[in-house]
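Q: The structure under discussion is supplied below as structure tokens; questions concerning it will follow.
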Amino acid sequence: MSEVEWLYLWADVQPGEPSAEVSVPTVEDTVTEPEESTRIQQTDLDDAEGPQDGPEFTGRVTGAP
């Protein structure tokens, strides 16, 4: 995994549901690494005061289903 500066991601969490599953496609490489994870932080770009950081979401990288 590498760092990505900007990524636009939409997810639909239904009212009353505590969570939703989001898949982020990745490309397999040949580098032997420890378990990898991902971190996504919401940013509100429409705020009149400028970009505002929102909730942070984390997950783990798993093999293909």
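Q: How far, in nm, would the chain grow between Glu49 and Glu33 when pulled straight, counting 0.36 nm per residue and subtracting the alpha carbon separation?
A: In short, 1.7 nm is gained.
Q: Could I ask something else about it? Taking the dipole about the Cα centre of the chain, with the C-beta of Lys and Arg at +1 and of Asp and Glu at -1, give me whichever of Val13, Val61, Gln41 is farthest to the positive side.
A: Val61
Q: Here's another thing I want to ask about it. Gaussian network model of the chain, Cα springs within a sub-10 Å range: biggest mean-square fluctuation belongs to which of Gln52, Gln41, Gln14?
A: Result: Gln14 has the largest fluctuation of those listed.
Q: Something else about it: Return the label of the correct value of volume of the Cα convex hull per residue in Å³, as calculated from the structure shown, out of (i) 79; (ii) 97; (iii) 127.
A: Recomputing volume of the Cα convex hull per residue in Å³ here gives the entry labelled (iii).
Q: Keeping all protein chains in place, calculate the accessible area per residue for the chain (probe 1.4 angstrom), answer in Å². Let's see the in-between values first.
A: On the way: 6470 Å² over 65 residues.
So the chain comes to 100 Å² accessible per residue, rounded to a whole number.
Q: Follow-up question, since we're still on this one. Determine the share of the chain's accessible area contributed by carbon and sulfur atoms, expressed in whole percent, with a 1.4 angstrom probe. The partial results should precede the final answer.
A: Working: 3120 of 6470 Å².
About 48 percent, which is the carbon plus sulfur part of the accessible surface.
The values are calculated or read from the model by the stated rules, or taken from the named source; none is laboratory data. Small disclaimer: the values here were computed from a predicted structure and weren't measured. With ideal geometry, Cβ positions are generated from the backbone for all residues, glycine too; neighbour counts draw on all protein chains shown. Calculation scope for accessible area: heavy atoms of the full protein, side chains included, ligands and nucleic acids excluded. Shrake-Rupley method; radii C 1.70, N 1.55, O 1.52, S 1.80 Å.
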